[in-house]
Amino acid sequence: MNKKKIGLFVGIVFIVLILIYMNIGGKKEEASIEEKPKVEEKAETKPSQPVKKELTYQEKREEKISLKGSEIFKKYNCGRCHSATGVRVGPPLEEIALAYKGKKDELIAFLKGERPAKLAENVGESSHLMNIQLAALKELTDKELSELADYILSFAK
């Protein structure tokens, strides 16, 4: 009879363990089912990144035209070589402005690559960098080149 009680006890423990295992497993499944919608809800309520609209050619041109001289100067990274007063790679804006003071058309012609620089003797080996930059400026409109020239000339004392 002792063996019967032990066998019964082991059987009950075994059944309880199975029920516990199934219950825990069931809870895991229920939890994962419940969590999935929460994750989806989070994904739905997450603020979406604004989708960048592809601009048409005309919109791109209009965007460029709206840039002022200082913005064009920044956009084309002119400040990497030209500072307001100190020499970096290229001559300072103050020096360029003084060289072209009253000669805006000549400055624009230089920016278009149609004339040599007035400060060519001061440029030295960095002239090849300026030639690369001038090639990039060819996409600017006459209005934008005029705005850039006005910005540069504003540094004349």
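What is the mean projected area of the alpha carbon convex hull for the range 67-153, to one decimal in square nanometres?
4.8
Strictly over 21 Å apart at the Cα level, which of LYS74/LYS138; LYS75/LYS118; LYS103/LYS143; LYS74/LYS103 would you flag in this model?
Beyond 21 Å: LYS75/LYS118; LYS74/LYS103.
Could you size up the charge dipole of the range 67-153 around its Cα centre, putting +1 on the beta carbon of Lys and Arg and -1 on that of Asp and Glu, and report it in debye to the nearest 20?
Once rounded to the nearest 20, the dipole reads 120 debye.
Separation between the LYS4 and LYS103 pseudo-spin-labels, each 7 Å from Cα along Cα→Cβ, expressed in nm?
Between LYS4 and LYS103, the label points sit 12.1 nm apart.
So, by mean Cβ neighbours within 10 angstrom, what's the order for 143-155, 3-15, 98-110, 76-88 with the highest one leading?
Highest to lowest by the protection proxy: 143-155, 98-110, 76-88, 3-15.
Whole-Hz ³J(HN,Hα) for each residue in the range 82-93, computed from phi via Karplus 6.51 cos²θ - 1.76 cosθ + 1.60 with θ = phi - 60°, x for glycine and proline: what do you get?
10, 9, 5, 10, x, 7, 10, 7, x, x, x, 4
Determine, from the Cβ-Cβ distance of LYS112 and VAL89 and an R0 of 25 Å, the FRET efficiency 1/(1 + (r/R0)^6), rounded to the nearest 0.05.
0.75
With each label point set 7 Å from Cα along the Cα-Cβ vector, what nm distance links ALA136 and LEU17?
Placing both labels 7 Å beyond Cα along the Cβ direction yields 7.3 nm.
Have a look at ILE132, ILE108, TYR76 and report the one farthest towards the positive end of the charge dipole of the range 67-153, computed about the Cα centre with Cβ charges (Lys/Arg +1, Asp/Glu -1).
Selected residue: TYR76.
No value in this document is a laboratory result; all are computed from the given coordinates. Note that the structure is predicted; figures quoted are calculated from it, not measured. All Cβ positions, even for glycine, are placed from backbone atoms using ideal geometry, and neighbour counts span all protein chains on display.
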